[in-house]
């Protein structure tokens, strides 16, 4: 069986929401808040019937938003960590874990009671996380050079801290659970491959600029990285646990820096939007991001041939 290719040279937009006209309040038309500058949220399904999302509101209010299948309203659970930027459900201990970048720690909550059961201090700001079948939680640490840590899912204690040579400011993280390989995407246009048992780096692969997410398709043996600055997605084949080859570079859109994999269909979905001007820096926003062109949001899809 040959290696799969991908349909076309570009990802196709599969969804663009209708233009929003806002809603009226006291006779005035109200537009939706631009979350790129005033905080925002992200949502993930953590187990059947429950979705959880991080919210970051203006003035450093942070928390975990929970919606159950039968709930009439969402619930919000404050967390002590600052600037939560990633979330993970660890099913063996039934924990929801948030990675808090500014406070350099993890918040672990019991998914049943929504109570915080532990705060795990880390050697730097955490980014994406992944968990294996044994319940170990792996976390990228966004430093230069980068680090990768392993946390025991049961005791919630830090088990190991490993260096990521040649990897600056790692963000996205994916896992090949069968071969115990971790894939960290790095700001200096490389993907670092680490042995999840020993912590030894086994490979580095050149990817695009501005990566922020990674995914591994275990059926196809493919790793995907979304490169937001280049507007590309790098497709990498796992030739063996220690050997990797770039199979394709798929054109997406500049800004398509996060992705999600559907393992059943092998489709990759990427969120993207057209970027506008970058607002001036302020004391509260010293590193502002470019504005989003209204009504330009779309979901792109890449699919094996």
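Brief remarks on what is shown
- Every condition in (1) closer than 20 Å to residue 237 by Cα; (2) in a strand (DSSP E or B) is met by residue 163 except one, and the failing one is (1).
- Scan of segment 138-157 for residues that are in a strand (DSSP E or B) and within 16 Å of residue 116 (Cβ to Cβ), ordered by number: 151
- Residue 257 falls short on exactly one of the conditions (1) without any contact (Cβ under 8 Å) to a residue 60 or more places away in the chain; (2) touching a strand residue (DSSP E or B) at 6+ places or on another chain (Cβ under 7 Å); (3) more than 26 Å from residue 149 (Cα to Cα); (4) surrounded by 19 or more Cβ atoms within 10 Å (Cβ to Cβ), and that condition is (3).
- Hits in segment 103-124 - residues which are over 25 Å from residue 197 (Cβ atoms), modelled with pLDDT of 95 or more and in a loop (DSSP other than H, G, I, E, B): 103, 104
- Against the numbered list (1) crowded, with 17+ Cβ neighbours inside 10 Å; (2) within 22 Å of residue 170 (Cβ to Cβ); (3) under 20 Å from the mean Cα position of the chain (by Cα), residue 206 comes up short only at (1).
- Of the residues making up segment 178-189, not one is outside any strand (DSSP E or B), under 18 Å from the mean Cα position of the chain (by Cα) and under 11 Å from residue 136 (Cβ atoms).
- Check on residue 205, assigned to a strand (DSSP E or B) and under 23 Å from residue 121 (Cα atoms): no
The values are calculated or read from the model by the stated rules, or taken from the named source; none is laboratory data. For clarity, every value in this text was computed on a predicted model and none was experimentally measured. Quick reminder, even Gly has a Cβ in these numbers, built from the backbone with ideal geometry, and neighbours come from all protein chains shown.
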